Amino acid sequence: MRIRCTWLVFGLVLAVAGCGFTGGAADPAALRVAMAIPPRANWSPASDDALLLMRLGVTETLLDGSPDGTVRPGLAESWQRTGPTEWRFTLAEGVRFQSGEPLTAQAAADSVNRVVHAPAPPRALRGTIEQAAALDDRTLSVRTVAPDPILPQRMSTANTAVLAPSAIRPDGSVDPLKGPGTGPFEITGADGAQSVSLRRFDGHRAGPAKVAQAQVRFVEDSAARVSGLRSGEFDLIDKVPITQLDALRGDESLALSTVDLPRTTALHLNTARPPFDDPRVRGAAAEAIDRAELVSGVLRGQGKPASRYFGPAVPFSAEKPPPPGDVPAARQALAAATGGRPVPITIGTYPDRPELPALATAVADELGRAGFQVRIVQQPPDRIEARALSGELDAVVYSRNQLVDTPDAATHLTSDFSCRGGFNLDHFCAPEFEALLAELPRLTDPARRAEVFRRADDLLAEKVAGIPLVHEQQRFAHRAEVRGIPADPLEHEFLTREVTLG
């Protein structure tokens, strides 16, 4: 395969344009795709590469999750809780891997055990599962460390995808060329972190995909993905930046697909030390920020103004229209709280998501007019995270997906807002909030869990545990003849049986 590259002047930056697929033996009817995130861990099932395999349509899980917390059959046709710490799953009959091997409960057990006992288990499974075992060819038993009402939801995470035994390397990673999955596409070629070639798996239990072949290139530079689409080198790209939308909209041969995500950008406040340990100061900051203006101005209408952490992508949202910003009232409230003393603050953010520095700048301007003296620092995400979690920063503009691990918000609420939460950017701790979380281990009904999530979100708003700014969206761009792009808020699906070209 030869790669043809063009060059594009993007602002003042010279960026490599999308490198498409030309010449060689590639099928001219193949779907040509550019994806933003490449494999980074040698296709380890315990890593984020597992999600990539799922998005490529290669692997599948026992159950499929939904944003409302419910699950539906996947490779398992039924499941039940047989004891406080045991669940049993009955696998669908007659399913085969792309390798030709039959799907068995032993393969499922090995897949689960491989990731839960990995040196660094995935977040959704860490410390939850004790052991999985095959009771017969189609019955899988999963024992948990403690009673776990959302074990079925955990079985929908990409890391639990059932993998063909012959595709597992000695180090536990996946050989993508050995038919590891049961999905609608199988990998026929892989070039490290550069590209993969796919063909439809005609043995898929739901029938063959509409696209016979796909060529996928991993292009991390967003301008390069957009340029490649506009030049005709790609048919479909993911993660379209806001700055490129006007150029795409002006081309009648192209189309955009947008889906609301369970992801919120917020101004997280260090509530453990001055000045934001004072709820009056937090309230003044919230009053100063016009969230609707952030969406219409900074984000060019892409997203939804936020008054709560949970937004339109989840059915348990307690969202209400945020009040308009009121800088004079905020200035008065801040002066009353501080006696008119200067209030210097440092806000951190990271440039990996291009909209975040722009949002931080706009927020800093509004806070500055309300009486705060704002300094902004930009560093890579890992550095900003470390500084925020250590308490070094006063605030941080940060984007968080609330359902990234499981289609259940308990994990997010616990990690981000509980007293012992491992990712508590707000350093928030409230007995009332802990009491709400304590209800969840007893609740298996998604509707009752959703009610707790709503009450928790209301409490976070009442306490001003950070300031939600905007609910985010995911954008795909594609040639007009491409159809069937899934609108999946959980971002598990991308290349599916229904995607078609022409």
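Things to note:
- The calculated FRET efficiency for the pair Glu130 and Arg375, based on their C-beta separation and a Förster distance of 60 Å, comes to about 0.80.
- The residue list Leu425, Ala438, Pro323 was ranked by how far each Cα lies along the charge dipole of segment 311-449 toward its positive end, using unit charges on Cβ atoms, and Pro323 comes out on top.
- Exposure ranking of Thr411, Thr61 by accessible area [1.4 Å probe, largest first]: Thr411, Thr61
- The chain: relative contact order as a whole-number percent, Cα under 8 Å and 6+ apart: 19
- Placing Lys210, Lys239 in order of accessible area, with the largest value first and a 1.4 Å probe, yields Lys210, Lys239.
- Probe 1.4 Å, accessible area per residue of the chain, Å²: 40
- A Förster distance of 51 Å, applied to the separation of the beta-carbon atoms of Thr139 and Arg383, puts the FRET efficiency at 0.60.
- Distance between the modelled labels on Ser390 and Ile37, one decimal in nanometres: 2.7 nm (7 Å Cα→Cβ projection).
- Lysine pairs in the chain with Cα atoms under 23 Å, if 8 or more residues apart or on separate chains: 5
- Length released on extending from Arg81 to Asp202, taking residue separation times 0.36 nm less the Cα-Cα span: 40.1 nm
- Extension gain, Glu439-Asp191: 0.36 nm per intervening residue step, less the Cα-Cα distance, totals 84.5 nm.
- Highest-first arrangement of 277-285, 385-393, where packing means the average Cβ count within 10 Å: 277-285, 385-393
- Mean projection area, nm², convex hull over Cα of segment 135-204: 6.9
- Rounded, prolate or oblate (a/c below 1.5 giving rounded, otherwise prolate when a/b exceeds b/c) for the chain by Cα gyration tensor: oblate
- A 1.4 Å probe, protein heavy atoms only, puts the accessible area of Val404 near 70 Å².
- Building the convex hull from the alpha-carbon atoms of segment 247-316 and averaging its projection over directions returns 6.6 nm².
- Expressed as a whole percent, the accessible surface of segment 55-118 that belongs to carbon and sulfur atoms is 44, based on a 1.4 Å probe.
- Descending by average beta-carbon neighbour count within 10 Å, the peptides 29-36, 297-304 line up as 29-36, 297-304, the highest first.
- The accessible-area ordering, largest first, of the residues Arg455, Arg225 stands as Arg455, Arg225, per a 1.4 angstrom probe.
- For Asp352, solvent-accessible area (1.4 Å; no DNA, RNA or ligand), Å²: 100
- For the chain, the mean residue ellipticity at 222 nm estimated from helices alone is -7000 deg cm²/dmol, where every DSSP H run of n ≥ 4 contributes -39500 (n - 2.57) and the total is divided by all residues, rounded to the nearest 500.
The values are calculated or read from the model by the stated rules, or taken from the named source; none is laboratory data. Computed from a predicted structure; not experimentally measured. Please note: Cβ atoms are built from the backbone with ideal geometry, for glycine as well, and neighbour counts cover all protein chains shown. When the accessible area is computed, the model is the full protein with side chains, heavy atoms only, and any ligands, DNA or RNA have been set aside. Shrake-Rupley method; radii C 1.70, N 1.55, O 1.52, S 1.80 Å.
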